[in-house]
Amino acid sequence: MPIDLAQDVPTPQPARWGCAATAGILGWVLDAFDFFVLVFLVDVLAAHFHVGKRAIVVSLTVTLAMRPLGGFLLGLWADRRGRRAPLVACVLYFCFISALTPFAPNYAVFLLLRALYGIGMGGYWGVGAALVMESTPTHRRGVVSGILQAGYPLGYLLAAVAMRTVEPHFGWRALFFCGVALAVAIAVLSLQIAEPEAWTLHRLPGWKQIVRVLYENRGGFFYFLAVMAVMSCLSHGTQDLYPDFLKSVHHFSNATISALAIVYNCSAIVGALCIGELSERMGRRAGILFALGLAALALPAWAFGAGFTVLLAGSMLMQFGVQGAFGVIPAHLNELSPPAIRSLFPGFVYQLGVLIGSPAVTIEYMLRDRWGYQWALVLFELCVLVLLFFLFGFGPERRGRNFYATDGNEN
C-alpha cells in the first residue's frame, strides 16, 4: 500500500493537540492503574469476600472478556458523535465503577462490578488513540504513539508504587480511590479541546453506515485481528508468568522479583518511546520488526540466564523490544484504519485480539509440565515471534497518511 507523505496537511495548534494528546495518554495510564491495583490485592480480596484466590483471578478474566464490548460500543459512539463526550464519559465511568469495587457487599456484586469495569477499560483505548492520533501533527505521530502505549506499563508501575505507599497508611480500599482526582482532571481537560477536524471531515450520517463501513473493510479487520491476537501472546506471554518463573526456577524472593519487575517495566516504557520515534524515520513495519528482533535476541538471557545480572539484562532487553513494538501500534493501526471508523476499527480489533490471545499464559503453563519452564517460555515466544515477523513483514503500511484528505485523495 503506498505511503502518503503529503505536505499540504493542516497542522494542529500546539495547545490544541497537546491538550488532546495529554488527555488521551493520561486516561490510558489511569485505565491501567485501576486494573493492576486489583492484581496486587488478590489475597486481600479473597479473604474479604471469603472466596478462594482462583475466584479473584476469574474476575480478572471477566474484566478482560468484557473489553471487546466496550471497544465496540464506545468506538461506535465516538465515530458517530465525536471523541470528547465518549472519552469523558468513559474515564468517569470506569473510575466510578473502580471506586465502588471495595464496597461490594458480596462476591457476586464484586464480579458484576469488574465486568462493568471491563466495558470502560475496553472502550477507552480506541477513543483515546483516535483523539491523540487525529490531533497530533503527522511528523510527531510516532513518538506520541510510543508515549500513549507507554502509559500502560506506567500505570502498572504507579499501581505498584501505590501499593507500597498508600496501602500501608490508608488501607487497601484507598487504592481504588487514587485515580478519582486524575479522572476529573482528564474530563475537564477533554472538555477544553475541539473535536479533531479529521473526524469532522469523515463523519458518517448514521449508525448503519458506520457498521457497513466496518463490514466493507472486513479483510483489513481480520488481518489486524490476527496481528493483535499474536501481539497479545507476545506481551502476556513474556510478562504474566515471568515472576512465577523467577520464583520457581531461580528461587528469588518477592522483594527481588519486585525490584526486577520495576526495572524491566521502566525499560518497557523507554522501548515504547524509542521505537515509536524510530518508526517515524524508518517506517512503522521496519520499526516493529527491529523491536521484535531485539526481543528474539533477548530470549537466551531472558530464559536461560544463570544469575540475577544476566536475567535482569535479558528481561530489560525483552521488554524494551516487546513494548517497543507495541509503541508503534496506535499510529500504525490508526493510519491503516478507514477514516470514518478510526475509533471503532482500532479499538474493537485491539480489544478482541487481546481476548483471543488471552489463553497464551495457560498454554505456556501446560508446556511447562512437558518441557520445563525455560523451554516452555522460549518455544512459545519463538513461535509467536516467527508469526509476527511474517504478519508485519508482508503487511501494509501508510506512514504519514493524510487524515484530512477525503477518500480517494489520500496518497
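Read-outs throughout are calculated quantities, based only on the coordinates presented, and are distinct from any laboratory measurement. Keep in mind the model is a prediction, meaning the values are calculated, not measured. Positions of Cβ are generated from backbone atoms using ideal geometry, with glycine treated the same way; all protein chains shown enter the neighbour counts.
A few comments on the model shown:
- Relative to the Cα centre, the charge distribution of region 99-202, modelled as +1 at Lys and Arg Cβ and -1 at Asp and Glu Cβ, gives a dipole magnitude of about 300 debye.
- When each of Tyr107, Tyr93, Tyr215 is scored by the number of other beta-carbon atoms lying within 10 Å, the sequence from fewest to most is Tyr215, Tyr107, Tyr93.
- Across region 13-215, Cα pairs under 8 Å and at least six residues apart give a relative contact order of 39 percent.
- ³J(HN,Hα) computed for each position of region 233-242 - Karplus, 6.51 cos²θ - 1.76 cosθ + 1.60, integer Hz, glycine/proline x: 4, 5, 5, 5, x, 9, 10, 5, 8, 4
- Rg and Dmax, both from the Cα atoms of region 266-411 and both in Å, are 17.3, 57.
- Label-point separation in nm, Arg173 to Asn106, each point 7 Å along Cα→Cβ: 2.0 nm
- Cα-based Rg and Dmax for region 44-143, where Dmax is the largest Cα-Cα distance (Å): 16.2, 54
- The chain: relative contact order in percent, alpha carbon pairs under 8 Å with at least 6 residues between: 27 percent
- Spin-label model, Ala313 to Leu191: label points 7 Å out along the Cα-to-beta-carbon direction sit 5.3 nm apart.
- Stretching Phe390 away from Ala55 to a fully extended chain increases their span by 116.8 nm, per 0.36 nm per residue minus the current alpha-carbon distance.
- Size descriptor for the chain, Kirkwood hydrodynamic radius: 21.5 Å (Cα pairs only, one decimal).
- Residues Met318, Met228, sorted so that the one with the fewest Cβ neighbours within 10 Å comes first: Met228, Met318
- Using the Cβ-Cβ distance between Ala115 and Leu297 with R0 = 41 Å, the FRET efficiency computed as 1/(1 + (r/R0)^6) comes to roughly 0.55.
- Considering only Cα atoms, the convex hull volume of region 13-215 works out to 122 Å³ per residue.
- In plain terms, the residue of Val37, Val188 with the fewest other Cβ atoms within 10 Å comes first and the most crowded comes last, giving Val188, Val37.
- For the pair Val263 and Ser248, the difference between a 0.36 nm per residue extended length and the Cα-Cα distance amounts to 3.4 nm.
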